[in-house]
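Okay, so here's the structure we're looking at.
Every number in this text was worked out from the coordinates using simple rules, so none of it is lab data. The shown structure was predicted, so the numbers you read here are calculated from the model rather than taken from an experiment. Ideal geometry is used to build each Cβ from the backbone, glycine not excepted, and the neighbour counts take in all protein chains shown.
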Amino acid sequence: MYTITTRMNNLIRCMNQYRTGLLAPLDLKSCHASYLLEICGCPGISQEQLSRRIYINKSNVARQLAILEESGYVTRRPGEEDRRVMRVYPTEKALSALPRIQEIMDNWEEAVAAGLTAAEREKLSALLEEMTRRASALLEE
């Protein structure tokens, strides 16, 4: 099992290096892609919800959102129903960058999955989804 974890970690590290280089012209780092994809897909998401969806602890989410806010990619506002809940919204800058971010993500996935059949891709995706579900359940315990 350790082999699976090592290979997944190596794949993620390669992906981060790939994304960082391509996102640099947008003044973004690799980790920001996940944030912006979620925020653009769910405007008004709370910081806590974002933390749970991307599996990053709350303090790191707050820190990265401060960077994205300073860079003009997001705005944060207190929730209307509960002023203690901080809601995150994409700016026009984020929405404009979204197609490029998606293109980078799509190109990465296509490149690393090249040579796999459609059935193999589906199977791999299902297996990773199941492993993620189990990992998430461990976090809830």
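GLY72: net charge of surrounding residues, Cβ under 13 Å, Lys/Arg +1, Asp/Glu -1, itself excluded?
So the environment of GLY72 carries a net charge of -2.
Lysines near LYS29 by alpha-carbon distance under 17 Å, same-chain residues fewer than 8 away left out - which ones?
Hits, sequence-local ones excluded: LYS93.
Taking H placed 1.01 Å from N in the peptide plane, check which residues at least 5 places from GLY44 or on another chain put their amide H under 5 Å from its amide H.
Result for GLY44 returns VAL88, TYR89.
Could you derive backbone 3J(HN,Hα) for the stretch 18-35 from the dihedral phi with the Karplus parameters 6.51, -1.76 and 1.60 (θ = phi - 60°), listing whole Hz in sequence and x where the residue is Gly or Pro?
4, 5, 4, x, 7, 8, 3, x, 8, 6, 10, 9, 3, 4, 5, 4, 4, 4
Compute the Cα gyration tensor for the stretch 74-141, then decide on rounded, prolate or oblate, letting a ≥ b ≥ c be the square roots of its eigenvalues: rounded whenever a/c is under 1.5, prolate when a/b is larger than b/c in the other cases, and oblate in all that remain.
Cα axes put the stretch 74-141 in the oblate bin.
Taking only Cα atoms of the stretch 2-105, what ratio of Rg to Rh do you get with Rh as the Kirkwood inverse-distance radius?
In the stretch 2-105, Rg relative to Rh is 1.00.
How far is the Cα center of the stretch 118-138 from the Cα center of the stretch 13-35, in Å?
24
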